[in-house]
Amino acid sequence: MSTRRPQPRTRQNRVLRLLDRLEREPRPDPVIDALQARIRSLPLGRARGVLHGRWLGHPVHPLMVQVPIGSWLSAGVLDLRKGHPREAGLLVGVGLAAAVPAALTGAADWAELHRPQMRVGLVHALSNTAAVGLYTASLVCRAGGRTNAGRVLGFLGLTAVGAGGMLGGHMAYRQASGANHAETVPHIVTEGWHRIGALDEFPPGRPVRRSVDDVPVVVVREPEGTIRVLADRCSHLGGPLSDGTMSDGCIRCPWHGSVFRLSDGLNTGGPATAPQPAFDARVTDAQVEVRLSRHDGGAGRKGDGRQPDRYRNEAGAGSAHGRTH
């Protein structure tokens, strides 16, 4: 006679339950809307892309926070030893100075997130603001000779910044804020050409959504006949590019305004820091076929741009994506 082992009882811990409630809590939304509008209205110009980290290929904020956190943690270690008050004070000051650019990059990213992410991000920002206030008071006490009070305030600040870091980790790894939402495409799409429909199904100048191995793609047939194909889910937060607008050879995501070049998927504007996976396209027997582009490393580097005659079609000149390697 067999006996069944009782199934282990697993329960979500209290911290995760609180975070799940925070994601669904609507009461901070009026504050979020006001702050978002204020941040988006700032006349930053090209500096906004710098703050997002488009030049780096991923958000700058996680990089910038290393300096204040590292400085404050090091100051806390020195405070435990009680033998280096000047050095600890210097580290507190360095952390406060570095907190300014960290906050700017975080605010720029926060204003372009989904609502549940923004709710957690607001508390994340409040925790870090409290840490800055405590460390500022700590530095004032240290400068005035009240070293013990400065140490206590420093440890309180370290606790606040630790809570903020936990919330930031939840945003990054649980809510995928700042992650490349198109990164999985090359791992899902199989090699070779995939037929996605008849040429007549793609009206010139209008984005059309299709699927390749269950991966949504956006197909654009340009007026001169060139066919452009990109992964449809925006790398920023997964918005549908097929519902977006086109201008000057680019397509704009309808969710947060990220702009991608149709010819190679390069991100040219908006909060997206990663390019879109691009596909080669060809027309065979009036059927459009696509395959994932074979990169040399880096968006836009796909060979010399020439297309073999056998892949030219009645749609017009061969696509820049319609060549073989």
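The values are calculated or read from the model by the stated rules, or taken from the named source; none is laboratory data. If you're wondering where the values come from, they're calculated on a predicted model, not measured in any experiment. Counting neighbours? That spans all protein chains shown, and the Cβs are built from the backbone with ideal geometry, glycine included. Note: accessible area is taken over every heavy atom of the protein model, side chains too, but ligands, DNA and RNA are not part of it. Shrake-Rupley method; radii C 1.70, N 1.55, O 1.52, S 1.80 Å.
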Residues A131, A179, A103: which one is touching a Gly at 6+ places or on another chain (Cβ under 6 Å), modelled with pLDDT of 95 or more and among the aliphatic types (A, V, I, L, M)? A131
State the number of residues belonging to the stretch 253-298 that are touching a Lys or Arg at 6+ places or on another chain (Cβ under 8 Å), open to solvent by 20 Å² or more (accessible area, probe 1.4 Å), closer than 12 Å to V220 by Cβ and not in a loop (DSSP other than H, G, I, E, B). 0
Between a first residue in the stretch 26-54 that is in contact (Cβ under 8 Å) with a residue 12 or more places away in the chain and within 15 Å of S258 (Cα to Cα) and a second residue that is in a helix (DSSP H, G or I) and of a type in the set (D, E, K, R), which pairs have beta carbons less than 8 Å apart while being 6 or more apart in sequence or on different chains? L51/D109; H52/D109
Consider the stretch 222-236. How many of its residues are open to solvent by 10 Å² or more (accessible area, probe 1.4 Å), in a loop (DSSP other than H, G, I, E, B) and within 17 Å of L113 (Cβ to Cβ)? 1
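Would you mind finding the one in G162, G178, G157 that is without any contact (Cβ under 8 Å) to a residue 12 or more places away in the chain, under 27 Å from V100 (Cβ atoms) and within 30 Å of the chain's Cα centre (by Cα)? I'd like the intermediate steps shown before the answer.
Values: G178 fails: without any contact (Cβ under 8 Å) to a residue 12 or more places away in the chain; G157 fails: without any contact (Cβ under 8 Å) to a residue 12 or more places away in the chain.
After applying the criteria, what remains is G162.
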Residue among R142, R210 that alone is open to solvent by less than 60 Å² (accessible area, probe 1.4 Å), modelled with pLDDT of 95 or more and not aliphatic (A, V, I, L, M): R142
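Which one of these is touching a Lys or Arg at 6+ places or on another chain (Cβ under 7 Å) and at pLDDT 95 or above: C250, C234? Give the steps one after another, and end with the answer.
Working: C234 fails: touching a Lys or Arg at 6+ places or on another chain (Cβ under 7 Å).
Selected residue: C250, the only one of C250, C234 that is touching a Lys or Arg at 6+ places or on another chain (Cβ under 7 Å) and at pLDDT 95 or above.
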Going by the structure shown, is A107 closer than 21 Å to R174 by Cα, surrounded by fewer than 19 Cβ atoms within 10 Å (Cβ to Cβ) and hydrophobic (A, V, I, L, M, F, W, C)? yes
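Just to be sure, is G205 exposed (fewer than 15 other Cβ atoms within 10 Å of the Cβ), over 30 Å from E23 (Cβ atoms), within 29 Å of the chain's Cα centre (by Cα) and of a type outside the set (D, E)? Let's see the steps before the verdict.
Values: exposed (fewer than 15 other Cβ atoms within 10 Å of the Cβ): yes; over 30 Å from E23 (Cβ atoms): yes; within 29 Å of the chain's Cα centre (by Cα): yes; of a type outside the set (D, E): yes.
Yes; evaluated as a whole, the condition is true for this residue.
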Could you grab me the full set of residues in the stretch 98-144 that are under 16 Å from L44 (Cβ atoms) and in a helix (DSSP H, G or I)? V100, P101, A103, L104, T105, G106, A107, A108, D109, W110
